[in-house]
Every structure is written in structure tokens, then in C-alpha cells.
Number of protein chains: 2
Amino acid sequence: MISVQEALHIVLNSAQNFGIEEIPFIKSVGRILKEEIFADRDFPPFNRVSMDGVAIDFQQFKNGQRAFRVEGIQAAGSEQITLQNAENCIEVMTGAVLPNNTNTVIRYEDVTIESGVATININVINKGQNIHTKGKDGKFEDILISQNTKISAAEIGVLATVGKSFVKVARQPKVMIVSTGDELVGVDEIPLEHQIRRSNVFTLVSLLERLNIPSETAHITDDKPILKFKIEGYLKEYDVLLFSGAVSKGKYDFLPEVFEELSVEKLFHKVAQRPGKPFFYGQTNTCSVFGFPGNPISTFVNCLAYFYPWYYKSVGIETDQETAVLGEEVSFKPSLTYFLQVKLESKNGKLVAFPITGNGSGDLASLVYTDAFIQLPSDKTEFKKGEVFPIIKYR
Amino acid sequence: MISVQEALHIVLNSAQNFGIEEIPFIKSVGRILKEEIFADRDFPPFNRVSMDGVAIDFQQFKNGQRAFRVEGIQAAGSEQITLQNAENCIEVMTGAVLPNNTNTVIRYEDVTIESGVATININVINKGQNIHTKGKDGKFEDILISQNTKISAAEIGVLATVGKSFVKVARQPKVMIVSTGDELVGVDEIPLEHQIRRSNVFTLVSLLERLNIPSETAHITDDKPILKFKIEGYLKEYDVLLFSGAVSKGKYDFLPEVFEELSVEKLFHKVAQRPGKPFFYGQTNTCSVFGFPGNPISTFVNCLAYFYPWYYKSVGIETDQETAVLGEEVSFKPSLTYFLQVKLESKNGKLVAFPITGNGSGDLASLVYTDAFIQLPSDKTEFKKGEVFPIIKYR
């Protein structure tokens, strides 16, 4: 049995590359950028008026002039006009090109305009004020967004600005999620006394949706020849298979044998952790196989603790390890890494994690009352209030 | 000019109700639950075996018996069987019903099975161990998920388990996002020297997508009769109109007049904040109108600081105010609330916010390098490293 650290190391070292695709920029939120985004011109592309008001030649103001005849209007979206007489001014609008022969903008709040003459009501102005100068935010061909950035609303604005209507992003893996277990029936069915409804596959679909990964689902009965036949096909067709159940010591836990017979290279089976000890991980040349233990919390936390980092590594993004302060003392005797469910609270800039003890790894409903798992290391048994540990958020 | 606190108060007091709709549960991630979810049976619905192994009658073990003949197998998904002879045992699989006449499970790791006899290799076992007892996680008709919960992967699992294939959620508002400004051209176009491409509407579309709100977009030229005609139609057709631009003092900033002529009740215009001072907010009986100032950062932060809380209030969810520790000293003289862009780092359980000073509210590209805004109050001018303030995350 290997440690969580060793398991994660193996998982990260086996990251895949799913290639690149080009998609409409407006569909790219949450995806990982696979090209550099350059400025297609200076930003701003011209000396841009940043307040509504009047534009003047500062030298006149400096010489004591306060009243300026309005010579014209420079609207946003109009071609640049030219101040003909240095003693006059031009009314200018936010977003407009600064008129030729002007270099300073006084906002309407500080001006009185009467009978076509603008009188400046303040005595201190600065040359160049209220002008967003050409190229101040970025020069032509500057890199505005680096490769491997996760695209958010902020990046969407920049992509629009530089005219990238299509953008190269990491292709998503093709994923099949498989449940096993003869006790499972469909969500629409009424289970018999000894049956329960399928839930883990839908939880996994939703966890993958958070990463913008579409997925398919299937259920296979606990019958070894059928399992083998179906999985053989899936291994050829998908980049990733996620299983829930059938990886432990039960008489019908056929998956490890089936994987072996289908030449899935076992990278590990069993990790020193709670929940989710019987976790299996293996690969073929083209497919990564995550065999999550079937208890709901086990499947859930293993997906977050292993599949998520594997995906991030595969698409080339680095993520910060979040941490939180333990809000209550915890005692945990087994020498296993303990993924403990917690409720998070933001208190004075600190993230405080309050443990919520459910009824073990089968207690799916307890996930509703928590936000994250705090990861308590295996080499200690007492964890004090105020100590800081890594967390894995799921909301 | 009102304060940020007053503005937010007015916005929250004018929250709308968009009604309720019923959708497939698997499509409900990110939506707000509008019914209580009850347990349709006890959870677990039977005394559930939680480890693969053998089930016995504990009294026999207590009496000193260590070798138990295997009488049968209880698989997951099979009807409950009965132990016929108390001196025997039954092999049981995780997820199976505990067989009649047994009350304790010993996992395979602690048992040797040879010639049909299971010998227990440990001397300490507890009555009832490795059994997840009926109803331990929840009783029939218990509330498992409260109304007004934001649905995540955790809730999806519970919905599946109780057979809620369709679920009632808050209907989303019908939103139109409108840009104005004659300097704007499409993303696919090559702008002339004095033009720039539209970007704010796409940023807003993406910010709404984070809330799972679909939206439509339009562009209207700076022509008052056209603006009035189009907006009159939108006010009737949509729950929310988001505008970007044309709310300040410019000669072509027609929106406030148009709103007045169309009987949009002005709830406020101008807020003591930077960026985004000229923010307009108003309502008709059926439509809320957010007039965001047109500078990119102004539109962005106003959507987060006002539209988001308004939406949360409208659909009935409460959100915690996140806070962060200022990582560097900041000085800001104007008596305005300052939404300052920051890069966040998680350090020892603390969230530390490092200010990134862009080139003003027009500098869209600077959003790429930050994660959040820290909200510095208007009644101070010096903000010290280590002080804690509210933050608004956008990643």
C-alpha cells in the first residue's frame, strides 16, 4: 500500500496530452488557452479621452487664459479633428480620439459653458490630464495573455478586444464513467428493499462538468465476461475511464482481474488513505483508468484528489494548493491520510475549516453540509485547533 | 451621489422573483433549489454491509468460537438470506443486505478461509462492526437538502439517490446586454484608427455564465430615437437590461434621458466609488435596469458588486462575505470606496491580497493579472498591510 504522496506523484507523472482545438472565443470560458494572445495594435490605439469635457492646449492655460471658445466636438467613434486656433477648445467625449493640437482635458464638472465659450473654474490642472495615452496599457505585439491561462470573463474581454473570434484551447479528454454493482437501479426506478439507486456516476458527471469536461455514463452488471467485453471497447474509444466500485476484496470485485487480462498496466492499487483505500489506477498507451472505490464519499474525494490534479497537469495549468486553519481539535489514530469533511468559514481574512463528522464513507447526504475536505497527514494522530492543512474545495 | 452601502441597500431591496421551473436533475448544477428534498426511505434502507468479509452472530465469537463454516454468500443486490445455524457464517459483500440472524462483519483481511471454513485471526471484534445500520444517515421523510441550496455535485448524488429525476429550481432571469458607443465595431472587424472592438458585452455574457444565466446581446448606436425605440421593446421583453456606457456626462450619453422618457424609475445615478462612479440603476414594474459606465473595469466590477448580489437575493440564496488580508500598504485620497484589483495568495490558511495597479478603468488587460477586487472604504485614506477588507473574487 502506497502513501497519498506517492500515489499523487504517480498520477501526475502519467498525465496525458489531449491535443489542441480551435473554438469560438465566447465558448472558451473555463478552457485552457493554448496560444499566446498578442496585442494587435497599441492599447489604447490612440490618445484616448477618458473624461467628458473640453480639450485645450495646456500652454494657453499656463499663460493665464481661462475662457476658450468651443471650436467643435470630438465624439467617440469619429475621426480625429484638429484644433485650428490654439486659443479655442474642443468638446470631447470619453472614448474619443484626443483632437490634434490639444494635450489636456478638463472635465465638464470643472467648466462652465455659455454662449459657445467654456470657462475653466479651477486654477490647478495638470498637462496631459484625463488622457489615456496611446500604448499605455500595452504595445503592439505585447503578450496580453500567456499560454496555459484558464480563460475567465477577464480574458474574454481581451480576446474580443484583439479580435480573436476563434481561440486555441486544450482539447478535453473523452471520458466514460462506469458504475458496477448489481444492487444499483436507475434514478427513475423504485428500488426493491435490497437495492439502491445509482448516484456516483451522476456525482462524477457533475464534478467533471466543473472542469467543463463532457462525459458519458454506463452501468455494467457484476458479470466478469460482460465487464471484460465492454471495458475492452471503452479502452479503445476513450481517453479516460472512471469506475465506481468493484475494486476491493469482494467476490464480485472483478475489475482488477479484468484490467490485468486487458493489459491495463497497474500503476497502483490501494492507497493509505481514508476514505477510498482500495483505489486502483492504471493505464494503457491511450487510456487512463481510475478505479474509485464504490462508497459515495470515496468516489467523490478520490475524483477531487487524483483525477482533478491529473487533468490540470494534462492540460498544462498550475494550481495553488489552498490551505485552511483547523477550527476544532481532531484525533485520528490509523496511520492513513485522512480526508476529513469540513465546512469553511471566511473569518478576518482566514479560511477556517470546521470538521463535520458524517457516518463514514457511505454517508452521501453529509456532503450537502460541507464544502471541502481537509487533508490530515498520516504521520500524526492529533490535529490541533489553529493548525494549517491543505484543503480540497468542491463548491 | 450616494455611498456604495446605500447603493447596495437599494439594489438588494429591489430584488425580483423570477418564479420556479422544473428541470432534469442532471442539468441542475449551479441552480438554486426551490423545494425541500426528503428521504424517500431510510438511509441506508437496510442494515448495509460496509466491508467485504464474513457475517456472524457475535454471541458465538463471545463464547470463544473462532472457526465458522461458510453457509452461503450474500451479494450486493441480492435479496436478504438467513443464517440457518448460528455456529456458521455467511460471506458478505460491501453494499449487501446484512443476512438475517447475523449482527457483526469481520473483513476478509482478518479471516482465513480454507475448505469452506472461515477462521477469525483476531481476538478483538466489536458487536455490530462493519455494518452501516438502517436509517443511520437519515430517516424516511427527513429533509436531506433544504430549499434555497445552490446545487453542486454533492446535491446531485443525493437527488439521484432519492429518485428526484426532475427538480424544482429558481427560474433564471431573461437578460439583454446592450452596448452603446459609436466607436465600437464587431470582434470580427478590423477597427479604423479611431475605433475599438466591442468587448464589454462579451465580458458580461461570461460573468453571467458563471451564474448559469444565459443572455442575449445587442449594440445600439448613439442615436437617441433609435435607443428609445429599441429599449422600449427590451423593457417589455426582458427581466433585466444590462447597459455598458452612455450614462455619464457626454453629449451622446442619452441613456438617463431615455430611461426617464420611458418611465424607468431612477433608483440612483452615481455612486461614490472608483471605478464606476456614473453607475445608473432603475426599474419598471417588470424590468431592472443596470446602467454600467462604459470603461471596461467599471462595467466589470459593477456587475460583480451590484448585479451579483441582486441576483443572489432574487433567487433566495445567502452568500458569505469573503475577506482577505491586504498584502501591501495602499494610499487612496479621494473620499470614494475604492475597488482595487488584487492578486490573491493562500498563505498558511490566510488569504492575502496583493494590489496590482493598472492604468485606470480603461485598462482591460490588467484584469488578466488579478483575481479579485478588494473593497477599501471611503472614510479612510491609508490602508495598512495586514488589515482585513471584503473582497470580490472573479475567478
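Listed here are the residues, each with its yes/no results for (1) in contact with a Phe, Trp or Tyr (Cβ under 6 Å, 6 or more places away or on another chain); (2) touching a residue at least 40 places away in the same chain (Cβ under 8 Å); (3) of a type in the set (S, T, N, Q).
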residue	(1), (2), (3)
A:S288	no, yes, yes
A:S298	no, yes, yes
A:V301	yes, yes, no
A:A305	no, yes, no
A:Y312	no, no, no
A:V315	no, yes, no
A:E322	no, yes, no
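So, restricting to strands (runs of 3 or more DSSP E) that lie completely within segment B:97-137, which ones have at least 2 residues that are modelled with pLDDT of 95 or more and within 23 Å of A:K277 (Cα to Cα)? Give the derivation first.
Working: elements: B:104-107, B:111-114, B:117-120.
So the answer is B:104-107, B:111-114.
So, A:C287, is that one farther than 26 Å from B:A154 by Cα, in the same structural domain as A:V201 (by TED's automatic domain parsing), buried (at least 17 other Cβ atoms within 10 Å of the Cβ) and under 25 Å from the mean Cα position of the chain (by Cα) or not?
When the stated conditions are applied, A:C287 passes them.
Considering segment A:217-248 alone, what residues qualify as being away from chain B (no Cβ under 14 Å) and acidic (D, E)?
Of everything in segment A:217-248, those that are away from chain B (no Cβ under 14 Å) and acidic (D, E) turn out to be A:E232, A:E237, A:D239.
If B:V105 passes every condition in (1) touching a helix residue (DSSP H, G or I) at 6+ places or on another chain (Cβ under 9 Å); (2) within 13 Å of another protein chain (Cβ to nearest Cβ); (3) among the aliphatic types (A, V, I, L, M); (4) touching a residue at least 12 places away in the same chain (Cβ under 8 Å) but one, which one does it miss?
With respect to (1) touching a helix residue (DSSP H, G or I) at 6+ places or on another chain (Cβ under 9 Å); (2) within 13 Å of another protein chain (Cβ to nearest Cβ); (3) among the aliphatic types (A, V, I, L, M); (4) touching a residue at least 12 places away in the same chain (Cβ under 8 Å), B:V105 is out only on (1).
Which of the residues spanning segment A:185-216 are more than 7 Å from chain B (Cβ to nearest Cβ) and over 23 Å from A:Y312 (Cβ atoms)?
Correct list: A:V185, A:G186, A:E189, A:I190, A:P191, A:L192.
Among the candidates B:I106, B:I81, which residue alone is closer than 23 Å to A:P293 by Cα and either not charged (D, E, K, R) or not assigned by TED's automatic domain parsing to the domain that holds B:N126 (or both)?
B:I106
Quick grid of which residues meet (1) touching a helix residue (DSSP H, G or I) at 6+ places or on another chain (Cβ under 9 Å); (2) assigned to a loop (DSSP other than H, G, I, E, B); (3) modelled with pLDDT of 95 or more:
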site: A:V205; (1), (2), (3): yes, no, yes
site: A:A218; (1), (2), (3): yes, no, yes
site: A:F229; (1), (2), (3): no, no, yes
site: A:G250; (1), (2), (3): yes, yes, no
site: A:F259; (1), (2), (3): yes, no, yes
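State the number of residues belonging to segment B:61-90 that are modelled with pLDDT under 95 and under 11 Å from B:V117 (Cα atoms).
0
Could you tell me whether A:F259 is in contact (Cβ under 8 Å) with a residue 60 or more places away in the chain, hydrophobic (A, V, I, L, M, F, W, C) and more than 30 Å from B:V388 (Cα to Cα)?
Taking the combined requirement at face value, the residue does not satisfy it.
Answer yes or no as to whether A:V289 is touching a Pro at 6+ places or on another chain (Cβ under 9 Å) and more than 22 Å from B:R48 (Cβ to Cβ).
Numbers: touching a Pro at 6+ places or on another chain (Cβ under 9 Å): no; more than 22 Å from B:R48 (Cβ to Cβ): yes.
For A:V289, the condition - touching a Pro at 6+ places or on another chain (Cβ under 9 Å) and more than 22 Å from B:R48 (Cβ to Cβ) - is not met.
Any idea which of (1) part of a strand (DSSP E or B); (2) at pLDDT 95 or above is the one B:E345 doesn't satisfy?
Only one criterion is unmet by B:E345, namely (2).
Right, B:I131: surrounded by 12 or more Cβ atoms within 10 Å (Cβ to Cβ) and more than 44 Å from the chain's Cα centre (by Cα) or not?
no
Condition first: farther than 11 Å from B:L98 by Cα, surrounded by 13 or more Cβ atoms within 10 Å (Cβ to Cβ) and polar (S, T, N, Q). Now tell me which residues in segment B:57-83 satisfy that.
Correct list: B:Q60, B:Q65.
From the list A:E237, A:E265, A:E189, A:E209, which one is acidic (D, E) and either surrounded by 15 or more Cβ atoms within 10 Å (Cβ to Cβ) or modelled with pLDDT under 95 (or both)?
A:E209
Can you name the residue in segment B:363-389 that is outside any loop (DSSP other than H, G, I, E, B) and small (G, A, S) and is also farthest from the other protein chains (Cβ to nearest Cβ) among such residues? Outline the logic, then answer.
Filtering segment B:363-389 for residues outside any loop (DSSP other than H, G, I, E, B) gives B:364-369, B:372-376, B:382-383, B:388-389.
Subsequent filtering for residues that are small (G, A, S) retains B:365-366, B:372.
Numbers: B:A365: 5, B:S366: 7, B:A372: 11 Å.
This residue is B:A372.
For residues that are in a loop (DSSP other than H, G, I, E, B), of a type in the set (S, T, N, Q) and within 7 Å of chain B (Cβ to nearest Cβ), tally how many sit in segment A:156-184. Before the answer, list the steps.
We begin by selecting, within segment A:156-184, every residue in a loop (DSSP other than H, G, I, E, B); these are A:162-165, A:171-174, A:181-183.
Adding the requirement that they be of a type in the set (S, T, N, Q) leaves A:165, A:172.
Checking the rest, the ones that are also within 7 Å of chain B (Cβ to nearest Cβ) come to A:165.
Summing the residues that are in a loop (DSSP other than H, G, I, E, B), of a type in the set (S, T, N, Q) and within 7 Å of chain B (Cβ to nearest Cβ) in segment A:156-184 gives 1.
Tell me which residues, restricted to segment B:119-175, are under 30 Å from B:Y312 (Cα atoms) and among the hydroxyl-bearing types (S, T, Y).
Of everything in segment B:119-175, those that are under 30 Å from B:Y312 (Cα atoms) and among the hydroxyl-bearing types (S, T, Y) turn out to be B:S146, B:T149, B:S152, B:T161, B:S165.
Go through A:A118, A:A96, A:A153 for me and flag whichever is small (G, A, S), within 10 Å of chain B (Cβ to nearest Cβ), within 30 Å of A:Q65 (Cα to Cα) and surrounded by 14 or more Cβ atoms within 10 Å (Cβ to Cβ).
A:A96
Conditions tested, residue by residue: (1) within 22 Å of A:I392 (Cα to Cα); (2) among the basic types (K, R); (3) surrounded by fewer than 24 Cβ atoms within 10 Å (Cβ to Cβ); (4) in the same structural domain as A:S199 (by TED's automatic domain parsing).
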residue: A:K270; (1), (2), (3), (4): yes, yes, yes, yes
residue: A:K277; (1), (2), (3), (4): yes, yes, yes, yes
residue: A:G282; (1), (2), (3), (4): no, no, yes, yes
residue: A:F292; (1), (2), (3), (4): yes, no, no, yes
residue: A:S298; (1), (2), (3), (4): yes, no, no, yes
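Is segment A:9-30 home to any residue that is at pLDDT 95 or above, surrounded by fewer than 17 Cβ atoms within 10 Å (Cβ to Cβ), at positive phi and under 42 Å from the mean Cα position of the chain (by Cα)?
The answer is yes; a qualifying residue exists.
Restricting to segment B:274-325, and then to whatever is assigned to a loop (DSSP other than H, G, I, E, B), more than 12 Å from chain A (Cβ to nearest Cβ) and out of contact with any strand residue (DSSP E or B) (no Cβ under 8 Å at 6 or more places or on another chain), can you tell me which residue is modelled with the lowest pLDDT?
B:E318
The values are calculated or read from the model by the stated rules, or taken from the named source; none is laboratory data. Everything numeric in this text was worked out from a predicted model, so none of it was measured. Note: ideal-geometry Cβ built from the backbone for every residue, glycine included; neighbour counts use all protein chains shown.
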